C-alpha cells in the first residue's frame, strides 16, 4: 500500500530558513500570517491530506466517476471528504475575508495545494477549479455577481468550473463557436458544447458555477471576440438557495488515463442563462486570470506527485531486499541487502529528492511573489513581483509537471515489475501526473509563452526580474569558500542562459520559427538555472544553520548540502545539452515537407 | 481511432540499402532467405499485423483478460487471431526445420516482432514467450524432450512460458524457493509459487509448457544452485495428444497499468511433474538463453511502440487545425493551420522519426549478427558476431524501451488533452510501453550488465567488436565531403565514449560503486553513439542512392539525410550530458546515509 507523510520539515526549511516567510506578515492585510500561524495551518492541512484525502486516492482511481442519466457520481468517500474539507475551512483559506475567506497568503495556499496533490490529485481538482472561478469573479465580476456567488464558493457549498475548450479548439480559443445571445433582462442565452470540463458535473455540491467563454452576436473574429459569462447549474435565489435548473447539462464523461476520481465532462449549454463577467469581447483577459492561477496550480500538481512518488520509492528501496551491495554485504544477517545500497537505485532516489526539493523552493518562491504583487505597499515592488510571477508561471507549470511525471516514473522503476501492478499504487502516479503536462496549455505552449510573450515583454523587463537577483546572489557569495561548490556551477549555467536568451531573442526577431524551435529546450534550461539558484540558496541557508550550531538538526542540514552537491553534479549538467539543442536552430526542425515525414 | 501501416519502405531501406540483407542467403542453411523471399515474408507479416492484430489492440486493452475459477480468458478476438497467426505459420518462422520450422533468419523474425509490437503488443506476448521456451528446450533439452515439445511449440498448438520470478525475488534469482524433488522415474516434483508469469494461463492453446527455475534438494546456495525444468500444464501423451492435468494452476492474474490483453499470472506449482532441462544446478545458463532472446525481444517492443506512436502523432499533427504558423498562415483557406507547421510540434515529430528509424537500424543490425553468430562457416566470425550481440543486447533492451516510452509520451503530447483520453488510443501506448523498461531485467540491470559483465569480458573483447567497425567507418568516410556533417559529430561522440569507457573501467576496478553510479548514463551514451553510427551509415546509403539517381525515390532518400541532420543537431548532443553524469563519480550518489534521505 502506498504511503504519504506531509514533508513538514522540508516545507518549514523552505519557508523559514530559505525564503524568510516572516516577511509575509509585514504585508498589509497579512498581519495574522505569522510564521507560527502559518505553521499551525500547514499542520492542519497535513492532517486532512494524510488522514482524509490520501486514503481515498487508490479507491478513487479504481472506482472512478460514473455517469448515468446526466448525473455524475464521484467515487465512494469523496462526498464525506469534501464535507470535512469545507468544514475545516480549507476552501476559504486564501479567499477574501469580505466574502467569508480567511485571507491567508497565496504562499500558504501553495503549501496546501502541494499536500493535496500528493494525497489525492483527483480530489484536489474540485476545490482547485472552484478557486479559478472564484478568482475570475473576484477580479472581474460586478458587485452583484460577487455577492451572489463568492460567499458560496468560499464556503465550498457551491463549486466552480472553467469552460474553455471545445471539440475543435483547445489552444486556439479564437475558434470557439459557443454563442451568447442577449436576453431582454440583461442576461444572456448561452448555447454550445464544451469539452474536457473538470468538475463540470458531480455530486459534491448543491450548485456548480460555470465560467464560460462564448461569443456575442457582434463579436469580432478570433480571440478579440471572446466574452466571459457566469452560468450556474441552478439559478440562485435571493435568499441564497438554489432555484430552477438552468439549461446546462453534462452529456458524458471521458474515459481517461488517470485522475479517474475527477469528472471530466462534456457540457452542453442549450440557451442557458448567463451573465457577463468583465467587458464584452474582453473575455480572454479575464480568462487569463483564471488560467495563470490554474497554471501555477498545475505546477503544484507536478510537485505534489513528485513528492509522494519519491516517498514511496524511498520506502520501497529501504524494504525490498535484492542482491548484495557491490562493495560487499551491507546487512549480512538478511538474505540480501535493501536495494537502497545499489548506486543506480540511489541515483534515482537522489534525483527524486534533489528535483522535488528544488521545485518546492521554486514554487514557494513564486508564491511569495504572488503575495508581494498583491499586497506590497510600494507599487514598484508590486510590479516587480508581478513581473517575476508572470515570468516564472510557464516555467513552474512546464518544468514541475515534467518532473512530476519523470519522478513518478522513477518510482515505478525503483519498484521494478511490482511498480507496474495497480495494487502498489505507484503506476497511478504516472497516470495521474500525465495530464499535468497537457492541460492549462501543453508544456510546449508554456515554452511558447516564455519565448514569445515573457521574454520580450517590456524590453526584457520580466527577464531582469529573475536575472538581477540571481546575478546579485552570485556576486555576494562567490568569494565565500563554503559556497564555491554551489555558486560556480550556478554562475556557469547562468551565463549560458543569458547567452541563450540573447541568441533566441535575436534569431527569433528575424525568423519566429527560430524561437519556436528553441522554446522547449530554452524553458528547460531556464528551469534548471532557477533550480540551481534555489539550491544555492538552500545550501547557503543550511551552511549558516550548521555554522550556528544546528544541534539535533545537524543531520538534516547536512543532507541538504549533500543533496545540493548531487544536484550540481548530476542534474545541472543538462543545461549544456539543452543549450546545444536550443542553439541548433530551426533548419533541421523545419527541413522536411509534411509529406516527407 | 488509432492507425498503423507497417513501415515497409523504411524496413526495406534498412535491410537492403543499409545492412545488405542479401548476405544472409550466403550463410549455410539460410540459402532460401533471399531478399525477395524476405520481402514476401515481411509483406505477409505486415498484412496479418495490420488486418488481424491491430484491430484487436484497443478492444483488448478495454476488455483485458479475465480470471475465474482458475481459468483465464483472453480478450474477444484473440483466439481467432491466434488461430490465423499459427495457420499463417508465423510461430514457425525462425524455428528449426527439423521440428517443423521455416528456418528463416533471426533478422526476419526481428522485423516481424517489430510489426507485431506496433500492432498489438499484448497479443505478441503469447508467441513471444513460446519462442523463449522453444529456445531453451532447443538448446538445452534432451532429444526426447525436444521431440515431445518442439513440434507443438513450432505449430503454435502449444505455448510456452518462463517461470523465474517469485514474490520475494526478481533480479536476485539466487533467492528462489521453488523446490524440485526427484521422483523415482527420473522426473521431478516441482513445488513453489511463481509470479509475473506472462501467458502463464490462457485460452489460446491446448497446452502450456512452463520452463521453471527451481532448486534440487542438494542444491548449493544462490544462483549456482538453480536448475531448469520443463513442466507442462497437461501431461503429453506419446501420440502427441494431451493427457492428465499436471499439478500447476493459475492462482490469480495481475491488474496492470497496461498490456491488459496479456495475462500476467501467479502460478502455483504443487508437486507438479517436471523434467530437467540441461544439467543440474546449471539452470542459470539455460535461463540466460531464454533471457537474452527475450531481452532483444523486449527491445523490439520498444521499437514497435515507438513506430506506431510516431505514426499516430504524425497523422494527428497533419489533421488537427490549431493556430497559424508563426511565419504567417500556411493554409489560409482553412480556419487554422495543421499543427505540423509549428516548430515545437515538428521538434517532437522529428525526434520520434529520428529515434525510431535509428533504433530500427540498430536492432536489425543486431539481428543480422545473431544470424552470423549462428550460421557463419568461420568460427572467428561466429565468435565476433556473438560478442557483438552480447554487447548490444543490454543497449538494445534498455535504450529502445526508454525510447518507446518516450515517443509514446511525445505522441500523447502532440495530441494535447485528447491524448489523455482512452478513445484516441495513444495513452495506451504509454501504458503498454511502460512494462518494457521493467521486465527481463530493469533498464538499470541492463546498465549493470553492460558495465559489470560486457565491458570487462575477455579484456574488452566485446567492446572492440563495436569500437572497431565504428572506428573503421569513421576512417573510411571522414575525407568524403558529403559525409562530413555526419562523420564529424559521430567521431566526436565516439571519442567521448572511448574516454568514458576507460574511466568507468578504471574507476570501477578500484571501487565498484563508481561503475554502478555511472552505469545508466554510460549505457545511454553508448546507445547514442550506436545510433549516431547507424545514422551515419543510413546517410551514406541515402547519399549513394541519390548519387546513382534515385528517380521517384529521391524524396525518400532526401528525407533520410534531413532526418540524419536533425539527429546530429538535436539528439546526439545528449552524449556530452551523459558523459558528465557518468564522470561525476559515486561520491554524491552515495553520500547520504539511508536515514538521511
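None of the figures in this text is laboratory data; all of them are computed from the coordinates on show. None of these values were measured; they are calculated from a predicted model. Note that we place each Cβ from the backbone using ideal geometry, even for glycine, and neighbour counts take in every protein chain shown.
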Taking N as the residue count of region A:8-140, its alpha carbon Rg divided by 2.2 N^0.38 Å gives 1.14
Just to be sure I understand: chains B and A are related by a rotation, so which residue of B has its Cβ closest to that axis, and how close in Å? B:577, 2
Dimensions (Å) - region A:274-369, Cα atoms, principal axes, largest first: 73, 28, 17
Label distances, nm, residue A:459 versus same residue in remaining copies, Cβ-directed 7 Å point: 6.9
Per the helix-only calculation at 222 nm, which mean residue ellipticity applies to chain B, given -39500 (n - 2.57) for every DSSP H run of n ≥ 4 and division by its residues, nearest 500 deg cm²/dmol? -18000 deg cm²/dmol
Taking Cα centroids, how far is region B:370-423 from region B:166-209 in Å? 28
What order, most packed first, do the peptides B:79-85, B:362-368 have when packing is the mean number of other Cβ atoms within 10 Å of each residue? B:362-368, B:79-85
For chain A, calculate the relative contact order in percent as a whole number, restricting contacts to Cα pairs under 8 Å that are 6 or more residues apart. 13
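Across the residues of A:562-575, average count of Cβ atoms on other protein chains within 10 Å?
Working: counts 7, 5, 1, 5, 7, 1, 2, 10, 9, 2, 1, 9, 5, 1.
Neighbouring Cβ atoms belonging to other protein chains average 5 per residue here.
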For region B:309-412, what class follows from the C-alpha gyration tensor (a ≥ b ≥ c being the square roots of its eigenvalues): rounded when a/c is under 1.5, otherwise prolate if a/b is larger than b/c, else oblate? prolate
Shape metrics for region A:159-281, restricted to C-alpha atoms - Rg then Dmax, Å: 14.2, 44
Counting only other chains, what is the mean number of Cβ atoms within 10 angstrom of the Cβ of each residue in peptide A:351-357? 1
When ranked by the protection proxy of mean other Cβ atoms within 10 Å per residue, highest first, what sequence do the peptides A:455-466, B:127-138, B:265-276 form? B:127-138, B:265-276, A:455-466
Using per-residue counts of other Cβ atoms within 10 Å, averaged over each peptide, order A:197-208, A:300-311 from highest down. A:300-311, A:197-208
What does DSSP give for region A:159-281 in terms of the percent of beta bridges that are antiparallel, rounded to the nearest 5? 85
Alpha carbon centre of region A:495-530 versus region A:116-146: separation in Å? 33
Per-residue average of Cβ from other chains inside 10 Å of B:318-327: 5
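With both partners inside the protein assembly as shown, how many of the DSSP beta bridges are antiparallel, as a percent to the nearest 5?
Once the DSSP bridges in the protein assembly as shown are tallied, antiparallel ones form about 80 percent.
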Rg/Rh of chain A (Cα atoms, Kirkwood Rh), to two decimals, equals 0.97
For the residues A:314, A:528, what sequence is obtained by ranking on other C-beta atoms within 10 Å, fewest first? A:314, A:528
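Can you sort A:449, A:143, A:593, B:521 so the residue with the fewest Cβ neighbours within 10 Å comes first? It would help to have the intermediate numbers written out before the result.
Values: A:449 22, A:143 7, A:593 12, B:521 25.
The order, fewest Cβ neighbours first, is A:143, A:593, A:449, B:521.
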For helix B:106-140, what angle does its Cα long axis make with the longest principal axis of chain B, in degrees from 0 to 90 and rounded to 10? 40
Could you pull the copy-to-copy label distances for residue B:550, with points set 7 Å along Cα to Cβ, in nm to one decimal and sorted shortest first? 6.0
Note on the protein assembly as shown: alpha-carbon gyration tensor, axes a ≥ b ≥ c; rule is a/c under 1.5 for rounded, else prolate if a/b larger than b/c, else oblate; result prolate
Placing the label point 7 Å from Cα along the Cα-to-Cβ direction, what are the distances from residue B:321 to the equivalent spots in the other copies, shortest first, in nm to one decimal? 6.5
Return the whole-Å distance between the Cα centroid of region A:43-111 and the Cα centroid of region B:280-359. 38
Nearest 5 percent is fine: what portion of the DSSP beta bridges confined to chain B is antiparallel? 80
